[in-house]
Number of protein chains: 2
Amino acid sequence: MNDTGETAVRLGRISYLNVLPIYYPIESGNVRGPLSVVSAPPAELNLLARAGKLDVSACSSFEYASAADDYFLVPDLAIGSRGHVRSVLLLSRLPVAKLDGKSVRVSYQTHTSVALLKLFLQQRVGVDVTYTTGDVTRALASGERPDAFLAIGDEAMRLSAHPDYPHRWDLGSVWLDWTALPFIFGVWIARRAAAAENPGPVREACRALVEAKDWSKARPELVAELAAAQGGFTVPDMRTYFEGLVYDFGEREKDGLSVFFEKLEGARIIPKAPKLQFLEM
Amino acid sequence: MNDTGETAVRLGRISYLNVLPIYYPIESGNVRGPLSVVSAPPAELNLLARAGKLDVSACSSFEYASAADDYFLVPDLAIGSRGHVRSVLLLSRLPVAKLDGKSVRVSYQTHTSVALLKLFLQQRVGVDVTYTTGDVTRALASGERPDAFLAIGDEAMRLSAHPDYPHRWDLGSVWLDWTALPFIFGVWIARRAAAAENPGPVREACRALVEAKDWSKARPELVAELAAAQGGFTVPDMRTYFEGLVYDFGEREKDGLSVFFEKLEGARIIPKAPKLQFLEM
């Protein structure tokens, strides 16, 4: 309960541009729900959710796979791409087969994209590489030249035209090419315990998230302008960026996520592919 | 001149389903122009055009690159894909990096797709393979199991789910992933000599081709039904197939074709990338 006697649902958010279309309508008051927003980096959101300090949250697909027994998926809402996603890139000095035996630098910020990259290089391309973790922008600035690296988010957009890394693989496109399905990078989860303790407000909060998605979908120009203002990009860049993303969680998106989990199990990156279990609305 | 005193333009056609949207409206009389249609296999069309026995024809992008000085491109009309094309596939028993040192079977029917495959394996993946030519369907039927093969057209659609070839690369998607541009498999050309000798009718014929494109674009369901009836596929399959193709020749398609020609020159598959020179309409 909060001060006014209402039960506020603690909603986790990350500060990435790609979730702006879901959080902006709520934070601006355009969409209302029994929500209090908690901002944190992705890894911390996971810890907060696992510790029971969040009720509903954005989380990476990999996090759901790692702790699916604790969570329900929020229906009708995800972050995915159908093809080029622009912000999840393998950048390489060499053609991809020549990476065999080399090392690839990955960010510690993302589990889902690293898992997707591992699947791609191991199963689709068929090369063995080792992975090292570190800040790529800092490494490049200090004159290091790793053979290849994974860049995500703003860093991907900044480094995508780096002249030393002409071999660029967009992992959203890689996935579509491989499976003919969308790739789901992130989902929203409701803690099962929270849904049991506080069923009405949790459902109402989840409905507000879906309503926020629809609100933004009807206002693509505004979303591009807000994101450009926050992220230091141009409006046309942001328009293109959001056009490549999908926030719906329909049948093809569910298939895409299930196939990802099956491949992770097949590559022994996770012990067992979880089922997609949705909150009953 | 033909019997009635009109100057008929000799129009070359291939019997592939993908050109149905351009030829059906003309052959059914729904779009009229000073045209007589000559059907032949693609390689023969090239010979007929080079011998001056065709005036306007469909031809592969590679054929245009090989003899650009003899031809103008017909404006506003091409066959391309933005992503999955479904009918131009590399099918492999092995992950693509493991093809290094192996041989890949290609059909003698296509120069453009083979050139695209060579670019992909050599420059994007970085493997050295040898190419052998032969009929894949016959080879598979006789128990041969090449490591990998290129399948196009109906054969690609039939063989795409072959259990011995789980590694499937759609070359339309491969190209989009690589360049973020459409891939142009075919164009229509007007012989420069014909355009000089017979300028009015050649232009009128080219306008009829573009009109035929627009006629079909307005009738996607009819096109899917006609193609299904001719090719032995289902209507939904054909709907999906045509949705993946693009018949316009706009700025992005021109960029896609120019980049293809530059890469062919870079890989020394052709001596020099030709400019795109269009018939003035």
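No value in this document is a laboratory result; all are computed from the given coordinates. In this text the structure is predicted, and so the values were computed from the model without any measurement. Every residue, glycine as well, gets a Cβ built from its backbone with ideal geometry; the counts of neighbours run over all protein chains shown.
Quick one: plug the Kirkwood hydrodynamic radius of region B:139-266 (C-alpha pairs) into Stokes-Einstein at 37 °C, 0.692 mPa s, and report D in µm²/s. Intermediate results must be reported in sequence, preceding the final value.
On the way: Rh = 17.9 Å.
So the translational diffusion coefficient is about 184 µm²/s.
Let me have the 222 nm mean residue ellipticity of chain B computed from DSSP H runs of 4+ only, each contributing -39500 (n - 2.57), with the sum over all residues rounded to the nearest 500. Write down the numbers at each step before the final one.
Working: 12 runs with 115 residues, N = 281.
Estimated from H runs of four or more residues: -12000 deg cm²/dmol.
Rounded to whole angstrom, how close does the nearest chain B beta-carbon get to the axis mapping B onto A, and which residue is it?
Output: B:A97, 2.
Which residue, A:V74, A:V223, A:V129, tops the fluctuation ranking in a GNM of chain A built on C-alpha contacts under 10 Å?
A:V129
Put the label 7 Å from Cα along Cα→Cβ for B:Y108; what are its distances to the other copies, in nanometres, shortest first?
With the label placed 7 Å along Cα→Cβ, B:Y108 yields 6.1 nm.
Stokes-Einstein diffusion coefficient for chain A at 4 °C in a medium of 1.567 mPa s, Rh from the Kirkwood formula over Cα pairs: what value in µm²/s?
This corresponds to a translational diffusion coefficient of 67 µm²/s.
What does the C-alpha gyration tensor say about the overall shape of region B:92-141? Classify as rounded when a/c is under 1.5, otherwise prolate if a/b is larger than b/c, or oblate.
Because a/c hits 1.5 or more and a/b fails to exceed b/c, region B:92-141 counts as oblate.
Could you work out the mean count of beta carbons from other protein chains within 10 Å of each residue's beta carbon in A:93-101?
4
So what is the relative contact order of chain A, in percent, for Cα pairs below 8 Å that sit 6 or more residues apart?
Relative contact order for chain A comes out at 30 percent.
Among A:Y165, A:Y131, A:Y64, which comes first, second and so on when ranked by fewest other beta-carbon atoms within 10 Å? Display every interim value, and only then the final one.
On the way: A:Y165 22, A:Y131 13, A:Y64 25.
Sorted ascending by nearby Cβ count, the order is A:Y131, A:Y165, A:Y64.
Given label points at 7 Å from Cα along Cα→Cβ, what nm distances, shortest first, separate A:P41 from the same residue in every other copy?
6.3
Do you know the relative contact order of region A:1-76, to the nearest whole percent, from alpha carbon pairs under 8 angstrom that are 6+ apart? Before the final figure, lay out the partial values.
Working: 75 pairs, mean separation 26.4, N = 76.
After rounding, I find 35 percent.
Using only the alpha carbon atoms of region B:5-150, find the Kirkwood hydrodynamic radius as the inverse mean reciprocal pair distance, in angstroms to one decimal.
Across region B:5-150, the inverse of the average 1/r is 17.6 Å.
Calculate, axis by axis, the spread of Cα positions in the protein assembly as shown along the three principal axes, and write the results as whole Å, longest axis first.
94, 49, 48
If you build the convex hull over the alpha carbons only and average its shadow over all orientations, what do you get for region B:88-179? Give it in nm² to one decimal.
5.3 nm²
Could you list A:W188, B:W169 so that the one with the fewest beta carbons within 10 Å of its beta carbon is first and the one with the most is last?
Result, fewest neighbours first: B:W169, A:W188.
Between B:P163 and the same site in the other copies, what are the distances in nm, shortest first, taking label points 7 Å from Cα along the C-beta direction?
Values, ascending and in nm: 5.4.
Sum up the charges of everything whose Cβ sits under 15 Å from the Cβ of A:A161, counting Lys and Arg as +1 and Asp and Glu as -1, but leave A:A161 out.
So the environment of A:A161 carries a net charge of -1.
Once both labels are modelled 7 Å past Cα along the beta-carbon direction, what's the A:D255-B:N30 spacing in nm?
Reported label-point gap for A:D255 and B:N30 is 2.9 nm.
Could you list, in their original order, any pairs among A:K98/A:K254; B:K102/B:K254; A:K118/B:K118; A:K275/B:K98; A:K272/B:K102; B:K102/B:K263 whose Cα atoms are separated by more than 28 Å?
In this structure, A:K98/A:K254; B:K102/B:K254; A:K275/B:K98; A:K272/B:K102 exceed 28 Å between Cα atoms.
When only Cα pairs under 8 Å and 6 or more residues apart are kept, what is the percent relative contact order across region A:88-179?
Numbers: 138 pairs, mean separation 46.0, N = 92.
This gives 50 percent for region A:88-179.
Which whole number of Å³ per residue matches the convex hull of the alpha-carbon atoms in region A:166-232?
Once divided by residue count, the hull of region A:166-232 is 175 Å³.
Please arrange A:I26, B:I269 by how many other C-beta atoms lie within 10 Å of their C-beta, fewest to most.
In order of increasing Cβ crowding within 10 Å: B:I269, A:I26.
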